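Working notes, beginning with the structure itself.
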Amino acid sequence: MAESMPTHDPLEQILARRADFLAFATKRLGDRAAAEDALQEALAKATTHVSGLDDRAHAVAWFYRILERRIIDQRRRDQTAKKAHEAVLAESHPHVEAVERAPRPCACVTREAESLKPEYETVLRRVELDGASVTAFAKESGLSPTNARVRLFRARAALRSKVERRCGGCCENGGCVDCTCDH
């Protein structure tokens, strides 16, 4: 007796509903570009794990769970990036209270962070964006906690300097928020 073949490939089921998934992610993230990123990450994860899917009839529901986890991860990254930006601003302009800052940070901060030396970019990403403690970063990197703190201090100073050079006057009055430098 021949084995019965599934009527639909799970990946085909998922790809057929791409527009629905994108709408789902856009509604939750409030930004189509961020939703596209989350959807692409979820699709990549699904393609690597679809072979382990036990119930192929529930592929769409399974994918919604994967996508929802990616959306949660994206929200966490966004919140962490906002906190990192506020920390840089607090160090640059301690007289500016966090509640007084505008919610739109300058995109120059992200661009300049990516142009730092790799060890500086890594410590900023792990501590400021991913929320790792300096001690945890030190352990991961094989550094002493003191060395990791020094590296973080230097990375923040380098980033602050680069942003101030790039943005000039718009950073001087209250930090690099509601940026007008158009860089």
Checking the condition at pLDDT 85 or above and under 20 Å from S161 (Cα atoms), which residue from T122, T110 passes? T122
Inside the range 16-31, can you point out the residues that are surrounded by 13 or more Cβ atoms within 10 Å (Cβ to Cβ) and not hydrophobic (A, V, I, L, M, F, W, C)? R17, T26, R28, D31
Across the range 102-151, what is the number of residues that are small (G, A, S) and under 16 Å from the mean Cα position of the chain (by Cα)? 4
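The values are calculated or read from the model by the stated rules, or taken from the named source; none is laboratory data. Keep in mind the model is a prediction, meaning the values are calculated, not measured. Positions of Cβ are backbone-derived with ideal geometry, glycine not excepted, and every protein chain shown enters the neighbour counts.
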